[in-house]
Amino acid sequence: MKLDSLRLILVATIVVGFSLIVFAQIAPYSKLRNFKLPLFNEEGYRAYILSGMEGILQGEEAIEVTDITVDVFSGDEQQTLTSRMTSNQAFYDIQTNTISGPGTIEIEDDNFQLEGNDWELDLENKNMVINESVRIQFYQKLDFQLNGVL
């Protein structure tokens, strides 16, 4: 009889513990620390890794991120890292799959380095808009004709 009671307590503990795990949710305005969020394309390949020192959930729709890094991958089976974007503050909108920030963003890959302020990155359409103080440094020679512009 004592063994049956122990089994009953053990089963009840497992059921309650499992229920807590299944129904647990991250509360709005919770903080994430040193997190990485991989994002995949339609083919199932890694397209981006969003990481940050701290993320604060803004309801169910957005994450405010401190010291964000967005690693951009080739999106194919090689999963090659093609570029990296960094900013001290950004907002990731989960619904629209966009990242934006009022401050400076730096983007670097093998061919160029770019800096600018007040920006928005549309991950779905692979489009970026930088509104202020854009500076681009190319690492390779540009080969084009200016046709009398200078």
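Here, each number is a calculation from the coordinates, and none is a lab measurement. Being a predicted model, the structure only gives us computed values, none of them experimental. Here Cβ is always computed from backbone atoms with ideal geometry, including for glycine, and neighbour counts include all displayed protein chains.
Treating the beta-carbon of each Lys and Arg as +1 and of each Asp and Glu as -1, no other charges, what is the dipole magnitude of the range 31-138 about its Cα centre, to the nearest 20 debye?
Dipole size: approximately 320 debye.
Obtain the nm distance between the two label points defined at GLU115 and MET53 by a simple spin-label model: each point lies 7 Å from its Cα along the Cα-to-C-beta direction.
1.8
What is the Cα coordinate range of the range 31-138 on the first, second and third principal axes, sorted by size from largest, in whole angstrom?
Here the Cα extents, ordered largest to smallest, are 39, 35, 24 Å.
State the percent of C-alpha pairs, over all pairs in the range 69-116, separated by a distance greater than 14 angstrom.
Counting every Cα pair in the range 69-116, those more than 14 Å apart make up 57 percent.
Explain nothing, just the number: relative contact order of the range 31-138, from Cα pairs under 8 Å at least 6 residues apart, as a whole percent.
Here the relative contact order equals 16 percent.
Quick one: length gained pulling ILE94 to LYS141 fully straight, 0.36 nm per residue minus the C-alpha distance?
Answer, rounded to one decimal: 13.1 nm.
Of ILE68, ASN34, ILE107, which is farthest on the positive side of the dipole of the range 31-138, counting Cα position, with +1 on Lys and Arg Cβ, -1 on Asp and Glu Cβ, and the Cα centre as origin?
Final value for the positive-end residue is ASN34.
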